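Quick notes on the structure that follows.
Every read-out reported here was derived from the displayed coordinates using simple, explicitly stated rules and does not represent laboratory data. Just so it is clear, the structure is predicted and the values come from calculations on it, not from any experiment. Positions of Cβ are generated from backbone atoms using ideal geometry, with glycine treated the same way; all protein chains shown enter the neighbour counts.
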Amino acid sequence: MPDAERNFGNIYGAIADDASGEGEDTTAEPSSVVIASLNLYKEALVNNDESKAAEVESFLKSIEDKKIDLERKVLTLSEELSKEKDRIFRISADFDNFRKRTERERLSLVKNAQGELMESLLSVLDNFERAKAQIKVETEEEEKIVNSYQSIYKQFIEIMGSLGVVPVETVGKPFDPMLHEAIMREDSSEYEEDVVIEEYKKGFQLGERLLRPSMVKVSAGPGPAKLETGGPSENEREDKVTDKKGKTEATVAEE
């Protein structure tokens, strides 16, 4: 048995004997053990009992060594706990980033699928538009057919709208090469330069994605002033005035 443990047994036994002799609980708290040890140490010094004093000193030193060892273990465990907390936080953050990235990718796939589907259906919409422009109702039966057609066309537009598909704004809006495809420019006194003045084919957007640009005519601004057909120009009018004035003066001179 190590000396420290033997000293601890001797000192603790002496403390327990003193406590039992006084009718106290023999289960001593660490603080009371230290206090009792100090009291024994004091008695040993008073009685000049060097052996007893040495045992008490050895015992107190063993307590101090255990205290230091426990503090070191607590510090080590605290560091390990802090590292584990950091690791758990990193894992949690990585998982949260993974979840967000997965959700973004899922939404992107859904939008791409919707976009591809809508792009394939735009030709159907164009056929509806062409049929609407070409149909001429002459009989009551034809009117019923047109009404049925209009109902299907309206339902088709509503479904596209519910999926987030909206037409590109054109007439009266500034020309945007990211949204419009200009196939013609024309002088216009009604619209400023680079403003859309006519739409030939509808364009559509799905969110921020352009499904198809609008084919449009764009204003080139007011053109040069046009002369009246068959009328005299300003120069011609001035020449006539001059000629008339000259003739008048000549007539007066003759008279």
- prompt: Tell me, what are the semi-axes, in whole angstrom and largest first, of the equivalent ellipsoid of segment 164-223 as set by the roots of 5 times the Cα gyration tensor eigenvalues?
  reply: 23, 9, 8
query: Taking a threshold of 32 Å on the Cα-Cα distance, which of the pairs K154/K217; K100/K173; K100/K202 fall above it?
result: K100/K173; K100/K202
- request: Could you tell me what percent of the DSSP beta bridges with both partners in segment 164-223 are antiparallel, to the nearest 5?
  value: 65
- prompt: Under a plain spin-label model, where a point goes 7 Å from the Cα along Cα-to-Cβ, how far apart in nm are K202 and K85?
  reply: 6.1
field: Intensity falloff of segment 109-164 expressed as log10 I(q)/I(0), Debye formula with alpha-carbon point scatterers, at q = 0.12, 0.15 Å⁻¹
entry: -0.36, -0.52
query: Of the cross-linked pairs K144/K201; K61/K83; K132/K201; K61/K85, which ones have a Cα-Cα span greater than 25 Å in the structure shown?
result: K144/K201; K61/K83; K61/K85
- line: Here, D65 and N39, labelled 7 Å along Cα→Cβ, have an inter-label distance in nm of 2.7
- prompt: What FRET efficiency would be calculated for the residue pair R72, S32, taking the C-beta separation as r and a Förster radius of 25 Å, to the nearest 0.05?
  reply: 0.50
- line: Percent antiparallel among DSSP beta bridges confined to segment 94-217, nearest 5, equals 70
- request: For an R0 of 30 angstrom, estimate the FRET efficiency from the Cβ-Cβ distance between K132 and R104 and round to the nearest 0.05.
  value: 0.15
